[in-house]
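The values are calculated or read from the model by the stated rules, or taken from the named source; none is laboratory data. Computed from a predicted model, the values in this text were never measured in an experiment. Here the Cβ positions follow ideal geometry from the backbone for every residue, glycine too, while neighbour counts run over all protein chains shown.
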Amino acid sequence: MSDTTGRTALITGISGQDGSYLAELLLAKGYQVHGIVRHTSSLIANTSRLDMIYQDPHETERRLFLHKGDVTDAGLLVNLIRDIRPDEIYNLAAQSHVRVSFDLPDYTANVTALGAIRLLEAVRASGIEARIYQASTSEMFGTAAPPQHESTAFHPRSPYGVAKLFAHWATVNYRESYGMFAASGIAFNHESPRRGETFVTRKITRAAARIAAGLEKKVYLGNLDAVRDWGYAPEYTEAMWRMLQHDEPVDYVIATGRAATVRDFAEAAFAHAGLDWRDHVEHDDRYERPAEVPELVGDPAKIEREIGWKARVHWDELARIMVDADRNALRIGP
Ligand code: NAP
Ligand code: G4F
């Protein structure tokens with residue numbers, strides 16, 4: 001791989017699970033890293049995942065820069081890109097919760113779909129030759145039969161999936177129309193101890209830890225039959241970076257190729273905490289979706305072959321990693 005020291009990257013969604021791991025990776029490679037962070041009424045609320053790498057703005061040698069902004073603000077994006085002149089841009093910003101997208105479809109489309117095209121247009125307007133990574137998703141496949149690969153037909157099943165499909169095709173279209181180096185990573189579910197607490201894996205591992213500590217007795221879940229191909233988030237951010245180091249802008253499925261049901265994940269997580277999941281998991285209709293994506297299992301052959309990226313952590317080890325982290329956090333306290 002080429003020398004990356006002195007390169008500049010811009011990450012939208014830097015405060016999220018993937019954004020925080022990607023920022024760490026790029027800083028370790030010598031990049032100057034800029035991230036867009038949303039305005040909140042509280043100073044620290046949405047930057048807790050960046051605590052480990054935060055640098056005081058008064059430090060002269062710092063390489064991490066956080067900019068207040070939002071992907072719903074087109075002018076901000078143009079100005080920021082003109083000022084920073086990034087070599088690489090990672091568009092990770094999204095309203096990324098599938099269930100929430102049914103309640104907030106308009107908002108989800110504005111951020112997740114239009115945010116992407118605003119960013120592409122901002123790069124075009126600035127005249128800068130930045131390489132762009134778009135965070136596409138297996139949710140775009142919806143009901144398509146597994147294993148899903150780059151040529152599988154899309155059939156999204158949620159406002160989020162529809163919004164991401166717009167962003168995906170916008171990325172392809174800007175590449176084909178303007179010759180931009182814009183590539184989509186069609187990532188299957190990836191998790192970590194930094195996963196938001198309302199996604200099912202973290203909801204389960206956090207509950208298992210709290211129940212084992214005697215703090216709670218039950219956790220309420222929706223569809224236990226859904227099958228997901230769960231991988232480990234830090235490995236997926238490595239794939240994103242590798243895609244932008246490739247000779248050509250190419251779209252890739254990023255997946256482990258192995259999958260399990262939500263029930264399997266709950267069983268493994270609770271067992272690792274010394275518990276029987278059947279004693280603690282209850283059903284609640286509230287967590288069912290108007291339309292479900294039944295089975296996502298990715299075929300990562302293309303990225304393994306062309307980029308040399310291969311998932312190492314699979315869902316059962318992931319469950320153990322996340323339970324251990326949630327149990328340790330309880331020992332240390334908030
Ligand atoms: P995440 O934890 O939900 O992070 C989303 C990020 O987007 C957060 O930093 C969030 O800021 C930011 N954001 C939301 N609305 C924004 C707006 N209007 N303007 C600017 N920033 C905004 O998601 P993730 O798991 O890290 O995923 C990263 C990306 O990959 C997302 O686009 C997601 O849809 C996509 N993806 C994820 C997976 C997965 O399994 N994790 C799989 C496929 C694709 P706050 O911190 O302020 O909320
Ligand atoms: O953890 P989830 O909410 O993830 P989902 O819907 O697969 O979406 C995640 O992965 C996508 C990639 O395919 C990303 F694009 C997206 O941004 C997000 O990161 O739900 C996983 C499965 C679903 O089938 C859901 O119906 O778990 C089922 N589930 C069962 N009970 C539940 C629950 N999901 C949640 N969030 N909460 C439950 O109580």
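Consider Arg99 against the criteria (1) crowded, with 17+ Cβ neighbours inside 10 Å; (2) away from ligand 1 (no atom under 11 Å from the Cβ); (3) closer than 22 Å to Met180 by Cβ: it satisfies all of them except one. Which criterion is unmet?
(3)
One line per residue, one yes/no per condition, for (1) basic (Lys, Arg); (2) within 14 Å of His168 (Cα to Cα):
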position: Arg85; (1), (2): yes, no
position: Glu88; (1), (2): no, no
position: Arg99; (1), (2): yes, no
position: Asp103; (1), (2): no, no
position: Tyr133; (1), (2): no, yes
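Just to check your reading of the model, which residue among Arg195, Arg157, Arg242, Arg228 is within 24 Å of Arg49 (Cα to Cα) and surrounded by 19 or more Cβ atoms within 10 Å (Cβ to Cβ)?
Arg195
Just to be sure before I move on: is Tyr174 out of contact with any Cys (no Cβ under 8 Å at 6 or more places or on another chain), near ligand 1 (Cβ under 10 Å from one of its atoms) and not in a loop (DSSP other than H, G, I, E, B) in the structure I sent?
It is false that Tyr174 is out of contact with any Cys (no Cβ under 8 Å at 6 or more places or on another chain), near ligand 1 (Cβ under 10 Å from one of its atoms) and not in a loop (DSSP other than H, G, I, E, B).
Checking the conditions here, which among Glu317, Glu292, Glu306 is farther than 21 Å from Lys203 by Cβ, at pLDDT 95 or above and of a type outside the set (A, V, I, L, M, F, W, C)?
On inspection, the qualifying residue turns out to be Glu306.
For region 75-139, give me every one of the helices (runs of 4 or more DSSP H) that falls completely inside it and has 3 or more residues that are away from ligand 2 (no atom under 16 Å from the Cβ) and out of contact with any Leu (no Cβ under 7 Å at 6 or more places or on another chain).
Answer list for region 75-139: 115-126.
It is to be established whether one or more residues within region 168-183 are polar (S, T, N, Q), assigned by TED's automatic domain parsing to the domain that holds Ala239 and within 19 Å of the chain's Cα centre (by Cα).
yes
For region 186-197, does any single residue satisfy the condition of being more than 10 Å from ligand 2 (Cβ to nearest atom) and not in a loop (DSSP other than H, G, I, E, B)?
Checking region 186-197: not a single residue is more than 10 Å from ligand 2 (Cβ to nearest atom) and not in a loop (DSSP other than H, G, I, E, B).
Does at least one position in region 256-269 carry a residue that is under 24 Å from Leu26 (Cα atoms) and modelled with pLDDT of 95 or more?
Scanning region 256-269, I find at least one residue that is under 24 Å from Leu26 (Cα atoms) and modelled with pLDDT of 95 or more, so the answer is yes.
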